[in-house]
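Report on one structure; see the data block that follows.
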Amino acid sequence: MIKVLVVDDSAFMRKAISTMLGKDPGIKVVGTARDGLEGLEMVRRLDPDVVTMDIEMPKMDGLTALRQIMMEAPRPVLMVSSLTTEGAEATLKAMELGAVDFIPKQLSKVSLDIVKIEKDLIARVKTVAARKMRHVPARGAAPRSAATAAPRQAVTPAGRPLRDVVAIGVSTGGPPVVQKILSSLPADFPAAIVIAQHMPAAFTGPFAKRLDGVSKLTVKEAENGDVLRPGYAFVAPGGRHIVLDQRVSRVDVVVTDQPADALYKPSANVLISSVAQAVGKRGLGVILTGMGNDGCEGVRELKGRGGRALAQSDSTCVVYGMPKAIVDENLADEVVDLDDMAEAIIANLYK
């Protein structure tokens with residue numbers, strides 16, 4: 001039985017989250033708290049397996065409570081985030097502090113929305129509970145999250161790379177992982193990077209801005225008219241896809257709503273398939289932490305055209321779903337720990 005604590009200053013949200021989670025026989029909501037201070041006391045007393053944590057609360061806000069939980073007794077914390085720029089920035093900060101994922105605060109009275117959110121919420125709680133806290137040390141030790149650990153600067157070899165496009169597919173637990181990788185790449189990185197991170201539309205702009213601030217690369221949310229060039233990284237806008245269009249002397253980035261029926265928007269499969277079609281063996285696919293298997297079919301197509309693929313290691317993933325899918329299909333050329341991923345990406349541009 002997975003024990004969950006719900007921390008939120010809204011009585012409606014406490015009730016809604018508790019009701020949804022209570023529908024699964026494998027989950028029990030052991031308590032609800034109205035603010036971070038009360039939540040912290042209940043974490044100590046009830047020892048829940050997973051905590052859902054609002055960000056804006058009286059007495060003690062969610063970020064302060066999260067920081068305290070991660071210092072005292074680390075466990076999976078899901079942030080409940082408003083779909084605003086401010087909410088995105090706070091959520092990205094929370095993930096840097098050790099939160100494993102976030103739940104968009106979009107509970108409406110439309111039953112179809114509720115059913116979708118309910119399934120998603122239950123799946124996330126079950127997944128992060130099963131994984132425990134792979135990304136922080138054992139309880140009692142001070143957490144050292146993926147993003148706050150000092151990045152080890154990777155070095156670019158001399159010579160001309162064989163590959164010049166890196167396509168990253170990532171989901172649950174991704175923001176601090178992507179941040180760590182990009183902040184470890186040198187200013188003379190000889191390839192362009194395109195990123196499909198499963199994230200709402202309000203979050204991808206602040207995410208790209210944050211990456212740009214900590215990286216020697218130029219990072220931006222992708223727009224039509226962008227052109228691939230070395231040292232640049234483009235983040236797919238939430239709710240839309242990016243694909244590549246190979247022209248005579250350049251590769252354009254195209255933002256599109258198609259395919260409209262894709263399970264994820266942005267989709268790693270759509271992105272990596274387009275890399276395969278546009279640049280073939282010049283492409284390197286990188287599949288990082290995330291639930292499900294998005295990216296597997298794209299990597300299969302990329303490999304079929306002579307490209308290479310890297311998978312993040314089980315032990316360094318928050319959720320070993322997406323990388324596991326390509327490993328199980330024997331599509332990964334290398335399985336790489338997060339600390340070594342920047343170096344491995346550079347090395348594989350020359351293989």
* Asked: What are the residues in the range 219-232 that are loosely packed, with under 14 Cβ neighbours inside 10 Å and within 21 Å of the chain's Cα centre (by Cα), if any?
  -> GLU223
* Structure fact -> Scanning the range 258-279 residue by residue, the ones that are in contact with a strand residue (DSSP E or B) (Cβ under 9 Å, 6 or more places away or on another chain), modelled with pLDDT under 95 and of a type outside the set (A, V, I, L, M) total 4
* Residue identified as of a type outside the set (A, V, I, L, M, F, W, C), buried (at least 17 other Cβ atoms within 10 Å of the Cβ), modelled with pLDDT of 95 or more and under 29 Å from ARG131 (Cβ atoms) among GLY173, GLY169 -> GLY169
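Of VAL254, VAL235, VAL248, which residue is open to solvent by 50 Å² or more (accessible area, probe 1.4 Å) and not charged (D, E, K, R)? Spell out the reasoning first.
Working: VAL254 fails: open to solvent by 50 Å² or more (accessible area, probe 1.4 Å); VAL235 fails: open to solvent by 50 Å² or more (accessible area, probe 1.4 Å).
Going through VAL254, VAL235, VAL248 in turn, the sole match is VAL248.
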* Asked: Applying the selection to the range 61-100, what residues are open to solvent by less than 10 Å² (accessible area, probe 1.4 Å), not polar (S, T, N, Q) and not in a helix (DSSP H, G or I)?
  -> PRO74, ARG75, PRO76, VAL77, LEU78, MET79, VAL80, GLY98, ALA99, VAL100
* Structure fact -> Flagged pairs (Cβ under 9 angstrom, 6 or more apart or on separate chains; first in the range 111-124, at pLDDT below 70; second in a helix (DSSP H, G or I) and open to solvent by less than 70 Å² (accessible area, probe 1.4 Å)) are ILE114/ALA16; ILE114/MET20
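Collect the residues in the range 65-103 that are at pLDDT below 85 and closer than 19 Å to ALA33 by Cα, keeping them in residue-number order. Break it down stepwise before answering.
Pass one, the range 65-103, residues at pLDDT below 85: 82-85.
Scanning the range 65-103 gives a single hit, SER82.
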* Structure fact -> Of the residues in the range 299-331, those that are open to solvent by 30 Å² or more (accessible area, probe 1.4 Å) and farther than 18 Å from PRO176 by Cβ come to ARG300, GLU301, LYS303, GLY304, ARG305, GLY306, ARG308, LYS324, VAL327, ASP328, GLU329, ASN330
* Which residue pairs have Cβ atoms closer than 7 Å, lie 6 or more positions apart in sequence or on different chains, and pair a first residue in the range 47-67 that is on the phi < 0 side of the Ramachandran plot with a second residue that is open to solvent by 40 Å² or more (accessible area, probe 1.4 Å) and outside any helix (DSSP H, G or I)? -> PRO48/LYS3; PRO48/VAL30; ASP49/LYS3; ASP54/ASP9; ILE55/ASP61; MET57/ASP9; PRO58/ASP9
* Give the range 270-298 a look and list any residue that's surrounded by 24 or more Cβ atoms within 10 Å (Cβ to Cβ), over 21 Å from ARG240 (Cα atoms) and among the aliphatic types (A, V, I, L, M), or say none. => LEU284
* In the range 1-60, what residues are open to solvent by less than 20 Å² (accessible area, probe 1.4 Å), assigned to a strand (DSSP E or B) and not charged (D, E, K, R)? -> VAL4, LEU5, VAL6, VAL7, ILE27, GLY31, ALA33, VAL50, VAL51, THR52, MET53
* Given the conditions (1) in contact (Cβ under 8 Å) with a residue 40 or more places away in the chain; (2) over 24 Å from GLY159 (Cβ atoms); (3) in a helix (DSSP H, G or I); (4) under 16 Å from the mean Cα position of the chain (by Cα), which single one is not true for MET341? -> (2)
* Structure fact -> Among (1) crowded, with 24+ Cβ neighbours inside 10 Å; (2) farther than 20 Å from ILE272 by Cβ, LYS216 falls short only on (1)
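Looking for whichever is closer than 29 Å to ASP120 by Cβ and in contact (Cβ under 8 Å) with a residue 24 or more places away in the chain here; the options are ALA192, ALA167. Which one fits? Break it down stepwise before answering.
Details: ALA192 fails: closer than 29 Å to ASP120 by Cβ.
Residue meeting the stated conditions: ALA167.
In the range 157-173, what residues are within 30 Å of MET79 (Cβ to Cβ) and over 11 Å from the mean Cα position of the chain (by Cα)? Give the derivation first.
Of all residues in the range 157-173, those within 30 Å of MET79 (Cβ to Cβ) come to 166-173.
VAL166, ALA167 - these are the residues of the range 157-173 that are within 30 Å of MET79 (Cβ to Cβ) and over 11 Å from the mean Cα position of the chain (by Cα).
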* To do: Kindly indicate whether any position in the range 226-236 is within 18 Å of VAL279 (Cα to Cα), in contact (Cβ under 8 Å) with a residue 60 or more places away in the chain and not charged (D, E, K, R).
  => yes
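To keep it simple, each residue is scored yes or no on (1) modelled with pLDDT of 95 or more; (2) under 20 Å from GLN312 (Cα atoms); (3) surrounded by fewer than 16 Cβ atoms within 10 Å (Cβ to Cβ).
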| residue | (1), (2), (3) |
| --- | --- |
| PRO143 | no, no, no |
| ARG163 | yes, yes, no |
| SER184 | yes, yes, no |
| ILE193 | yes, yes, no |
| ALA196 | yes, yes, no |
| MET199 | no, yes, no |
| ALA202 | no, no, no |
| PHE207 | yes, no, no |
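The values are calculated or read from the model by the stated rules, or taken from the named source; none is laboratory data. The structure displayed is predicted, hence computed values, not measured ones. No Cβ is skipped: glycine too gets one built from the backbone with ideal geometry, and neighbour counts run over all protein chains shown. The accessibility values were calculated without ligands, DNA or RNA, using every heavy atom of the protein model including side chains. Shrake-Rupley method; radii C 1.70, N 1.55, O 1.52, S 1.80 Å.
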